[in-house]
Amino acid sequence: MFNSLSDRLTATFKNLRGKGRLSEADVDATVREIRRALLDADVAVSVVREFTSRIRERALGAEVSGALNPSQQIVKIVNEELVEILGGETRRIRLAKTGPTIIMLAGLQGAGKTTLAGKLSKWLKAQGHSPMLVACDLQRPNAVTQLQVVGQRAGVPVFAPHPGATSELDHPAGDPVAVASAGVEEARQKLHDVVIVDTAGRLGVDAEMMDQARRIRQAIIPNEVLFVIDSMIGQDAVNTAMAFDEGVNFTGIVLSKLDGDARGGAALSVASVTGKPVMFASTGEGLDDFELFHPDRMASRILD
Ligand code: GDP
């Protein structure tokens, strides 16, 4: 991921080496190359436009500093702008002051939510937390079982609805909102300090699914709502992210499938159009293929 973008940008900056001072034409040519590289990496057109116009403005206005040559100066500007788009400082989970920290997962079907629930819970457990998972994806056949399997592998308990239950307190089977509330209540009673609520997705954005996610959000008042997005979805990423942001007002982004051959555009576009930080990266099917996202490290990797 980002390999091709990274190669293209590096080659562009190489062309500037040895130049004593950048003319406006030099800056324009460089910005044009950056624009092409970003578009080829599937970054949304609106994002590319805004990004490159900021680079151009800053590059033209940049003081010629003694320490940096012009090519280093542009690399520094691009680096800073990339970090900014990706969320600035590394953003950690906001823990609740009292009671369990409630983390809700949202995203399209197949985005990697259930897998993430396992990864995140294992990661939190390794840091001394006592997480619990709640299975609210009652739409997809097997989603509950899949979460139970993931929970077992992570060594984390899973709250799941009972098919025969009749009362709300007895793990109601049909209503994801009631399951979410009952799950959070159970976590509270059993003194878990983190509860991760997996929700249903659809193949595309769908009003009913969004309404359900919104109702779950209202019922459990999460500390974090993580929007999980498949990095491979390319140009569709922007519309999907905006629909979820409007629907559930998520607080952070998780980029999944970063191990694939995605060109990386989705990552930059989603963070830019929503202004929300990328918090985690999922990099494989295994439970340990997961990391806290550091915008500065990712920017450096792209510009390496
Ligand atoms: P959900 O529908 O959003 O809950 O998505 P799942 O967690 O079921 O994931 C859908 C598919 O993507 C499964 O086959 C996962 O094994 C796979 N998957 C999830 N995360 C990753 C990842 O980071 N990398 C790769 N290569 N596959 C992933």
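How many of the residues making up the stretch 288-304 are open to solvent by less than 40 Å² (accessible area, probe 1.4 Å) and near the ligand (Cβ under 10 Å from one of its atoms)?
Matching residues across the stretch 288-304 total 1.
Quick one: how many residues across the stretch 204-244 are open to solvent by 80 Å² or more (accessible area, probe 1.4 Å), part of a helix (DSSP H, G or I) and either more than 21 Å from GLY264 (Cα to Cα) or not hydrophobic (A, V, I, L, M, F, W, C) (or both)?
First, pick out the residues of the stretch 204-244 that are open to solvent by 80 Å² or more (accessible area, probe 1.4 Å): 207-208, 214-215, 218, 221, 232, 235-236, 239, 242.
After this cut, where a residue has to be part of a helix (DSSP H, G or I) as well, the list is 207-208, 214-215, 218, 232, 236, 239, 242.
This time we only want the ones that are either more than 21 Å from GLY264 (Cα to Cα) or not hydrophobic (A, V, I, L, M, F, W, C) (or both), so: 207-208, 214-215, 218, 236, 239.
Qualifying residue count, the stretch 204-244: 7.
Determine the pairs where a residue that is in a helix (DSSP H, G or I), located within the stretch 267-294, has a partner that is open to solvent by less than 10 Å² (accessible area, probe 1.4 Å) and within 11 Å of the ligand (Cβ to nearest atom) with Cβ atoms under 7 Å apart, the partner being 6 or more residues away or on another chain.
Correct list of pairs: ALA267/SER231; ALA267/LEU255; VAL270/ILE229.
For the stretch 87-116, what are the residues that are within 16 Å of the ligand (Cβ to nearest atom) and small (Gly, Ala, Ser)?
The answer is ALA106, GLY107, GLY110, ALA111, GLY112.
Being within 13 Å of the ligand (Cβ to nearest atom) and either in a helix (DSSP H, G or I) or under 28 Å from ALA271 (Cβ atoms) (or both) narrows it down to one residue among GLY201, GLY183, GLY247; which is it?
GLY201
The values are calculated or read from the model by the stated rules, or taken from the named source; none is laboratory data. Quick caveat, the model's predicted, so the values are computed rather than measured. Every residue, glycine among them, receives a Cβ derived from its backbone with ideal geometry; neighbour counts consider all protein chains shown. Quick note on the areas: whole protein, heavy atoms, side chains included, nothing else; ligands and nucleic acids left out. Shrake-Rupley method; radii C 1.70, N 1.55, O 1.52, S 1.80 Å.
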